[in-house]
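Read the figures in this text as sums done on the coordinates, not as results from a lab. If you're wondering where the values come from, they're calculated on a predicted model, not measured in any experiment. Virtual Cβ from ideal backbone geometry, glycine too; neighbours counted across all protein chains shown.
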Amino acid sequence: MDNNIDIILRTHDLVGGYGRTTILHGTNIEVPRAALTTVIGPNGAGKSTLFKALFGMLTIRSGSVVMDGEDITALNPMQKLQNGMAYVPQGRNIFPQLSVEHNLEFGGVSLRDLRETRRRMEAVYTQFPILKERCKKQAGTLSGGEQKMLEIGRAMLLEPKFLLIDEPSIGLSPILVQQTFNLLLGLRDKGVTILMIEQNAKQALNISDYGIVLQQGRLALDGTAQNVLNHPEIGRLFLGGAVAVESA
Ligand SMILES: Nc1ncnc2c1ncn2[C@@H]1O[C@H](COP(=O)(O)OP(=O)(O)OP(=O)(O)O)[C@@H](O)[C@H]1O
Ligand SMILES: [Mg+2]
């Protein structure tokens, strides 16, 4: 990233994987503060693995994760939450049998304070009025987009400064994709830093501030979303070609 960008989180030569398999081969990324940054890359590039590493769900063999000057590499997910990081994994992550309300309440369990949880739920409802309307409904009856909204709302309950979100648009209709992206942009405007993985690279980069391209567990390219979008190597990258590490 450009030198004068305010970076909230960076990784230094992150190495990790599953068992003996190494997926992250010395990954160096920088995430600009209060911006929406999209991570793209071919299937199996290690995007989701990187997010797991950032959130404390992967054993990191070497390297570090630094957020706001603090080394958070070794923190577990609960400690990451307490440090202001939230994570919305790929796929459906709600309790379909429970009401919307109870799903949200569950998101506040780590606060250990039901009154505070309820207060924050009202703030989530203000931000996402459709959830208020549907609060007594079984979460499983919501549309795909509403369920994603519920997941995002649940993550926002902890008032994170840094949100990791893995492929929010998967399985959503084009309108719901747009709505979900708008919702994320709204959070960005409130000062939340968002790091998002997207398959739908073009559409995601078009609404993002910055882009990061991962390839085989390494940074291939980063920079403003427009620069990444217009980079001549991007097409080739997605067809399996290789690019040198550089800053767009
Ligand atoms: N739990 C796991 N155990 C073992 N290997 C895994 C596990 N999860 C992922 N992998 C492997 O790690 C590699 C990177 O996977 P990852 O899910 O990080 O890729 P990705 O970039 O998110 O891909 P996609 O775009 O398909 O979501 C893949 O080869 C995958 O098979
Ligand atoms: Mg993935």
Taking a temperature of 4 °C and a viscosity of 1.567 mPa s, what whole-number D in µm²/s does Stokes-Einstein yield for the chain with Rh from Kirkwood over alpha carbon pairs?
-> 70 µm²/s
List the equivalent ellipsoid semi-axes of region 1-116 in whole Å, largest first, each obtained as the square root of 5λ for an eigenvalue λ of the Cα gyration tensor.
-> 27, 18, 15
Using the Cα centre as the reference, give the magnitude of the dipole from point charges on the C-beta atoms of the chain (Lys, Arg: +1; Asp, Glu: -1; all else neutral), rounded to the nearest 20 debye.
-> 720 debye
Residue with peak Gaussian network fluctuation, the chain [Cα springs, cutoff 10 Å], from 123, 86, 204 | 123
Sequence-distant lysines (8 or more away, or on other chains) whose Cα lies within less than 16 Å of residue 190 = 161
Extreme residue, positive dipole direction of the chain, given options 79, 229, 138 (C-beta unit charges) = 138
Provide 169, 99 in ascending order of the number of other Cβ atoms located within 10 Å of each residue's Cβ, fewest first.
-> 99, 169
Measure nothing fancy, just the Cα-based angle from helix 114-127's long axis to the longest principal axis of the chain, in degrees from 0 to 90, nearest 10.
-> 70 degrees
Region 9-64 -> Rg/Rh from Cα coords, Kirkwood Rh, value 0.96
Taking only DSSP H segments of four or more residues, each worth -39500 (n - 2.57), what value at 222 nm results for the chain once the sum is divided by all its residues, to the nearest 500 deg cm²/dmol?
-> -10000 deg cm²/dmol
Relative contact order of region 1-64, defined on C-alpha pairs under 8 angstrom at six or more residues apart (%) = 39 percent
Per GNM of the chain with C-alpha springs under 10 angstrom, the most fluctuating residue out of 175, 194, 29 is 175
If you find the alpha carbon centre of region 73-151 and of region 167-182, how far apart are they in angstrom?
-> 18 Å
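Rounded to whole Å and ordered largest first, report the semi-axes of the equivalent ellipsoid of region 92-158 derived from its Cα gyration tensor (root of 5λ).
17, 12, 10
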Out of 63, 19, 107, any idea which swings most in a Gaussian network model of the chain, alpha carbons joined below 10 Å?
-> 19
